[in-house]
Amino acid sequence: MEREEKLTFDTVRISTKAMNDFSRDNFSPELVLISPPGSSGARVSIFKSSDERSLYAVKCARSTRISLSDEVKREGILTQYIPEHLPKILWVGKVEGLETIISECSGLQTLHNLIMGSELPHDQLLSIWGDVVASLITMWSDSKTFPFREDLCPRIFSERIKRIRNGLNQRSILDTPLSDILHKEVNINGRDYPSIDDSLKNVSNIKNPQFGVTCHGDPQPSNIIVGRNFPDWYCVDWEWSGPNQDWRMMASHLYGWWFTRCMVLKTEPKIQISKEKVYFEYESFLPDYLQDYPRKTLTILNNIFGENLNSDAKQDINRYLATLYFGDVRFLGIWNREVFAIPLLSQGIITANEGGINLSRNDLSFFI
């Protein structure tokens, strides 16, 4: 807690200094919001001008996987396709050795926060999400490059698998080190499955797509800011943006994010360990109104990209879905959702070995 408070204090201090230097006494910026840390560790502070007409986002980062200057270059690639959905970058530099970006801010809320807080009518939020998905998938369709170049892809899948395996090895669930159970067979709600380690090996077997596409790289509602002028929206956090993306991975993010971040528990998850197996018990589901969002994703994906959705592509989307579930276990502490470790691990195992989605007794197997 003390370390988190110090990081927050340092972020506020450096962000304020950056804004004061940027404004050069033309206005007195006032801090109105600071975001929780993302998976990269970066923080964003929101300031308003003294006349309250303008908002500014200040992003500070130290030792991130991608430098903020490179992130800005990657954002520039997206401007060829969705310029109206990107905030204007005003300044990039260092403050006390910390990389900093100042950009225009057109809204204070992410689409994720608005949906979970039910702060706008459901049909309006669903309409925004539909426009986001349609814009991104249209960008994929317009930016196909042949052949796919794995060496140029911003998100190297083999490296992602290594990070996930290493991350799981360092974590515990319900006081059980995952390193103790990664190689054990798993029984999920009475049904036997391969081990977590074998499931990760299974999803690693993905052939390259025929073509690459330009995309945001981490397309999900937490990276969409809803503008003060509804229904405007803006993509933020461009760390993984760029051309030559694997569209199947991008599809898994648009679809599977809802299950990693929005599912609800019916019962408290339990774990038991024997010499040969580990036993997971849980019940979880995605609320009915939230199911509209992945369904909307699938409808648009079929309408725009349907000719590419053959059986092999669907199988590979499932592999990427399983990877998403396994990978997001690492970030549950950031999101205060540690209790969902067993459901996420279970869903990763199920999807890696069966395909589809089965988070509740209501079958949601869209990709089977």
Of the candidates 323, 297, 79, which one comes out as most mobile in a Gaussian network treatment of the chain with C-alpha springs shorter than 10 Å?
79
Between region 129-150 and region 278-315, what is the C-alpha centre distance in whole Å?
18
With both partners inside the chain, how many of the DSSP beta bridges are antiparallel, as a percent to the nearest 5?
90
Calculate, in nm to one decimal, what residue 208 and residue 144 gain on full extension: separation in residues at 0.36 nm each, minus their alpha carbon distance.
21.6 nm
If you line up the long axis of helix 311-328 against the longest principal axis of the chain, both from Cα atoms, how many degrees apart are they, to the nearest 10?
70
What number, rounded to the nearest 500 deg cm²/dmol, is the helix-based mean residue ellipticity at 222 nm of the chain, given -39500 (n - 2.57) per DSSP H run of at least four residues and division by all its residues?
-13000 deg cm²/dmol
Over the chain - Rg/Rh using Cα atoms and the Kirkwood inverse-distance radius
0.97
Return the distance in nm (one decimal) between the two label points of a simple spin-label model at residue 65 and residue 309, each offset 7 Å from Cα along Cα→Cβ.
2.7
Return the single residue from 83, 221, 147 with maximal mean-square fluctuation; model: Gaussian network over the chain, springs between Cα atoms under 10 Å.
147
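With a 10 Å radius around each residue's Cβ, average the other Cβ atoms per peptide and rank 258-265, 213-220, highest first. Mind showing how you got there, number by number?
Details: 258-265: 20.0, 213-220: 24.6.
Top to bottom by mean Cβ count within 10 Å: 213-220, 258-265.
For residue 174 and residue 288 in one chain, what is 0.36 nm times their gap in residues minus the Cα-Cα distance, to one decimal in nm? Show your work: numbers first, answer last.
Details: separation 114, 0.36 × 114 = 41.04 nm, distance 2.87 nm.
Using 0.36 nm per residue and subtracting the Cα-Cα distance, I get 38.2 nm.
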Give me the angle, in degrees from 0 to 90, between the Cα long axis of helix 157-169 and the longest principal axis of the Cα atoms of the chain, rounded to the nearest 10.
80
Listed peptides 283-292, 99-108 by packing density, highest first (mean Cβ within 10 Å)
99-108, 283-292
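Of all accessible surface on the chain at a 1.4 Å probe, what whole percent is carbon and sulfur? Intermediate values should be presented prior to the final figure.
Numbers: 7800 of 16990 Å².
C and S atoms contribute 46 percent here.
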Which residues qualify? For residue 43, with a placed amide H closer than 5 Å and at least 5 residues away or on another chain, they are 60
Which residue, 160, 43, 24, has the most motion in a Gaussian network model of the chain that connects Cα atoms within less than 10 Å?
24
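Which entries of 162/314; 207/314; 162/275; 17/73 have Cα-Cα distances beyond 19 Å here?
On the way: 162/314 23 Å; 207/314 12 Å; 162/275 27 Å; 17/73 24 Å.
Pairs exceeding 19 Å: 162/314; 162/275; 17/73.
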Would you work out which of 318, 304, 333 lies farthest towards the positive end of the dipole of region 274-342, given +1 charges on the beta-carbon of Lys and Arg and -1 on that of Asp and Glu, about the Cα centre?
333
Treating every alpha carbon of region 279-359 as one equal point scatterer without solvent, the Debye formula yields log10 I(q)/I(0) values at q = 0.18, 0.19, 0.21 Å⁻¹ of -0.88, -0.96, -1.10
Can you pull the one-decimal nm distance between simple spin-label points at residue 73 and residue 265, each 7 Å off the Cα toward Cβ?
4.4
Using a simple spin-label model with points 7 Å from Cα along the Cα→Cβ vector, what separation in nm is obtained for residue 50 and residue 274?
7.3
Work out from phi, with θ = phi - 60° and the Karplus expression 6.51 cos²θ - 1.76 cosθ + 1.60, the ³J(HN,Hα) of each residue of region 334-351, listed in order in whole Hz, and give x for Gly and Pro.
4, 8, 6, 10, 4, 5, 8, 4, 5, x, 5, 4, 4, 5, x, 5, 4, 5
Taking the Cα atoms only, what angle lies between the long axis of helix 2-23 and the longest principal axis of the chain, rounded to 10 degrees?
40
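Which value does Rg/Rh take for region 224-331 over its C-alpha atoms, Rh per Kirkwood?
On the way: Rg = 17.2 Å, Rh = 16.6 Å.
In region 224-331, Rg relative to Rh is 1.04.
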Sequence-distant residues sharing a close amide H with residue 214 (under 5 Å, placed H)
143, 244, 245
With a 1.4 Å probe and all protein chains left in place, how much accessible area per residue does the chain have, in Å²?
46
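The values are calculated or read from the model by the stated rules, or taken from the named source; none is laboratory data. The structure presented is a predicted model; accordingly, all values stated were derived computationally and were not measured. Cβ coordinates were reconstructed from backbone atoms using ideal geometry, including for glycine residues, and neighbour counts include every protein chain displayed. These area figures cover heavy atoms from the full protein model, side chains too; ligands, DNA and RNA do not enter into them. Shrake-Rupley method; radii C 1.70, N 1.55, O 1.52, S 1.80 Å.
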